[in-house]
Amino acid sequence: MGAATQISTSLYPKMANNVEAAFRNIHQDLLDGCKTGDQKAQFQIYKLYYKAMYNTSLRIVNDAMEAEDVMQESFLSAFEKIDSYSGTVSFGAWLKKIVINRSLDALSRRKAIFEDIDFHVGIRDDGNEDLLRKEEIDIRVEEVKEAINRLPDGYRIILSLYLLEGYDHDEIAEILSISSSTSRSQLSRAKQKLIAELKRK
């Protein structure tokens, strides 16, 4: 039966998408419970996602206590408006978007997000997507993350969203209310700044 399922999903992409959707919402019973206000279900969802959401916020706000606050507020917000979750993306992706937006809000309350970057809308990205690889910096992932945390807010945010959270330029543009070309140019600058930071250490 397992082999038959694999064959059928490979032959019929639509069926494969349905299998993928079922996998994305593997905790659908808990999500249904959250929609009815079941506190046990909410606690289970919290336990499943809190660590990843905390880390996502921490990469943006760069402050442990503030990241904790953002995470808690994000879960409360998610549970309050869980009826608006359509299931077209995974619940984790939906929740992460809430966390990122709240993290950016928290950061903007402290200072303008991109005050550390000279904004030049529309600057071309001169093919520096692979700058880190070209420099062949042999440094462990944790050291890179630490170096990112030492960067100014604007650089840290763009690097975190692109390198660590896996968002593409169109998604980053939507999140930060900038153009895709600006996202690319700022990422290029941020990578150069990161390389300089890594070489300095």
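In the range 152-169, the residues that are free of Cβ contacts under 8 Å to residues at least 24 places away in the same chain form Cβ pairs under 6 Å with partners that are among the aliphatic types (A, V, I, L, M) and buried (at least 23 other Cβ atoms within 10 Å of the Cβ), at six or more places apart or across chains, as follows: TYR167/LEU161. Figure legend. Inter-residue proximity from the range 63-90: first residues under 19 Å from THR36 (Cα atoms), second residues among the polar types (S, T, N, Q), beta-carbon distance below 7 Å, spacing 6+ or different chains. Indicated pairs: PHE79/GLN42; GLY87/ASN25.
Readers should treat all values here as calculations from the given coordinates under stated rules, not as data from a laboratory. Since the structure is predicted, the reported quantities are computational estimates derived from the model, not experimental observations. Here the Cβ is made from the backbone with ideal geometry for all residues, glycine too, and neighbour counts use every protein chain on show.
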